[in-house]
1. Of all residues in the stretch 64-77, which are more than 14 Å from N133 (Cβ to Cβ) and either in contact (Cβ under 8 Å) with a residue 60 or more places away in the chain or over 17 Å from the mean Cα position of the chain (by Cα) (or both)?
2. Select from the stretch 61-98 the residues that are more than 19 Å from F122 (Cβ to Cβ) and among the hydrophobic types (A, V, I, L, M, F, W, C) and write down the one among them that is most open to solvent (accessible area, probe 1.4 Å).
3. Please work out which residue is nearest to D72 (Cα to Cα), limiting yourself to the stretch 110-142 and to residues that are crowded, with 17+ Cβ neighbours inside 10 Å and of a type in the set (D, E, K, R).
4. Restricting to the stretch 6-24, give me the number of residues that are outside any helix (DSSP H, G or I), in contact with a helix residue (DSSP H, G or I) (Cβ under 9 Å, 6 or more places away or on another chain) and aliphatic (A, V, I, L, M).
5. Could you say whether any residue in the stretch 26-38 is charged (D, E, K, R) and either under 20 Å from G124 (Cα atoms) or open to solvent by less than 100 Å² (accessible area, probe 1.4 Å) (or both)?
6. Starting from residues that are at pLDDT 95 or above and basic (K, R), keep the ones in the stretch 109-142 and report whichever is farthest from R16 (Cα to Cα).
7. Of the numbered conditions (1) under 18 Å from N133 (Cα atoms); (2) open to solvent by less than 90 Å² (accessible area, probe 1.4 Å), K7 fails exactly one; give the number of that condition.
8. Of the residues I41, I102, which is surrounded by 17 or more Cβ atoms within 10 Å (Cβ to Cβ), under 25 Å from D9 (Cα atoms) and of a type in the set (A, V, I, L, M)?
Amino acid sequence: MKNIFDKNDNQELIGRINLLTPYAKPQWGKMTVDQMLSHCISPIDVAFGTQKLKMSFPMRILGRMMKKSWLDAPEFKKNSPTAKEFIRKDTYDFELTKTELIQKVEKLGEGFQVIKIETHPFWGKLNETDWNNLQWKHLDHH
């Protein structure tokens, strides 16, 4: 699997983001390309400690129970459930949002030390491999 913290793999992902245009049509799902870009920023912000997720106790337990099967899966399934904080219904400036996502992905390319939270609100305690799996698979998924 590719590594979001590896500069070469990270640049490959950024290259894919750079290919997007405001007119790109989704291959699946309901989001527009600008919504998808904004949506992709949120989990990175959680990792950086700049976005909080509110999880009920049952959801925290569920996340910890599902963690291994999700993070060890080869990819995320289409139309998987998402945190309400990650749902996008507004319109976003395509270029600004794309630039912001690229900057945040580049920051992940600096290495695991950029991750500021140790315990994810849903998944629980995550190590470097877990964070890579989560971030890489989510971005690759979209």
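The values are calculated or read from the model by the stated rules, or taken from the named source; none is laboratory data. Please read all numbers here as calculations on a predicted model, not as lab measurements. In this analysis, Cβ positions are derived from the backbone assuming ideal geometry, glycine residues included, and neighbour counts consider all displayed protein chains. In case anyone asks, the SASA skips ligands and DNA or RNA and just uses the protein heavy atoms, side chains included. Shrake-Rupley method; radii C 1.70, N 1.55, O 1.52, S 1.80 Å.
1. Within the stretch 64-77, R64, M65 qualify.
2. L96
3. Residue satisfying both the conditions and the ranking: D130.
4. So the answer is 2.
5. Within the stretch 26-38, one or more residues are charged (D, E, K, R) and either under 20 Å from G124 (Cα atoms) or open to solvent by less than 100 Å² (accessible area, probe 1.4 Å) (or both).
6. Only one residue tops the list, namely K125.
7. (2)
8. Within the list I41, I102, the selection yields I41.
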